[in-house]
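The next block holds one structure in the form of structure tokens; read it before the comments.
Nothing in this text is a laboratory measurement; each read-out follows from the coordinates by a stated rule. What you see is a predicted model; the values in this text were computed from it and never measured. Cβ sites come from the backbone with ideal geometry, for glycine too, and all protein chains shown count toward neighbours.
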Amino acid sequence: MVKHLLLLAALTTATTLYAHTGAQAGPLADAAAEAEKLAASGDAPKAHDLLRQAMSDFSQTLPFAIGKAVFVSKAPTGYAMYEPRQGASFRSGESMISYIEPIGLTWKDSAEKGKLETHFTVDFDILNPKGDVLAGQKAFGDFTFTGFLRNQEIYSTLTIDVSGAPAGDYVLRFHFNDINSGKTASVDQPFKIAGP
């Protein structure tokens, strides 16, 4: 419930900002205003569904990008349910676990009647500080999500092993490939392999 109230508050803020700037409100702000009325009348489920559908529709207008990329101390248990790792220095042989949220994914009709589907792959490169690619792999990760609406709570957990790499500074670069649109979004995570 708190999560939904926060979303409603954020959408309401967007509506208020539009009103103060004189800009014309769009479908997302209109949905927020309607959801407020529904919630005030006691129809929280319908208000929630309206906001969820509005966010789903709005997501299709966003460019494909990476919203968040952090090293984590262990595998996440769900969307936004992770423990950030303190620092980006790793011991030789220690695995690097990344939590990454892509946004603006393209959805299409699924083979399952009435459902939508998004599909993306992830490549990675490891670079030195000069930008030279030292290692990498195409289609390291392959993810398909299917549901009744364009889910926005999508994340990837990616684990990289750099055993045998000498001590020094590096950059881990992930390339997310939206299969439905052909678009790519990249994110860099600088890291260090600590000496003995």
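What list of ³J(HN,Hα) couplings, whole Hz, do you get for the stretch 156-161 from phi and the Karplus terms 6.51, -1.76, 1.60, once you set θ to phi - 60° and write x for glycine and proline?
After applying 6.51 cos²θ - 1.76 cosθ + 1.60, I find 10, 10, 10, 10, 10, 10 Hz.
Quickly estimate the mean residue ellipticity at 222 nm for the chain, helices only: each DSSP H run with n ≥ 4 gives -39500 (n - 2.57), and the total goes over all residues, rounded to 500. Can you show the working numbers first?
Numbers: 3 runs with 50 residues, N = 196.
Value at 222 nm, helices only: -8500 deg cm²/dmol.
Which helices of the chain meet both criteria: a Cα extent of 27 Å or more along the helical axis and a mean Kyte-Doolittle score no lower than 0.0, with helices taken as whole DSSP H segments? If you can, show how the numbers build up before the last one.
Details: long enough: 2-21 (28 Å, 0.96).
Helices meeting the criterion: 2-21.
Distance cut-off 32 Å, Cα to Cα: go down the list LYS115/LYS183; LYS113/LYS183; LYS108/LYS192 and report the pairs above it. Before the final figure, lay out the partial values.
Details: LYS115/LYS183 22 Å; LYS113/LYS183 26 Å; LYS108/LYS192 40 Å.
Exceeds cut-off: LYS108/LYS192.
Whole number please: convex hull volume per residue, Cα atoms of the stretch 65-193, in Å³.
On the way: hull volume 13.5 nm³, N = 129.
In the stretch 65-193, the Cα hull volume divided by residue count equals 105 Å³.
In the stretch 80-135, what trypsin sites (Lys or Arg not before Pro) fall in a loop by DSSP, with at most 14 other Cβ atoms inside 10 Å? Could the numbers behind the result be given before it?
Values: sites: ARG85, ARG91, LYS108, LYS113, LYS115, LYS130; in loops: ARG85, ARG91, LYS113, LYS115, LYS130.
Passing both the DSSP loop test and the Cβ count: ARG91, LYS113, LYS115, LYS130.
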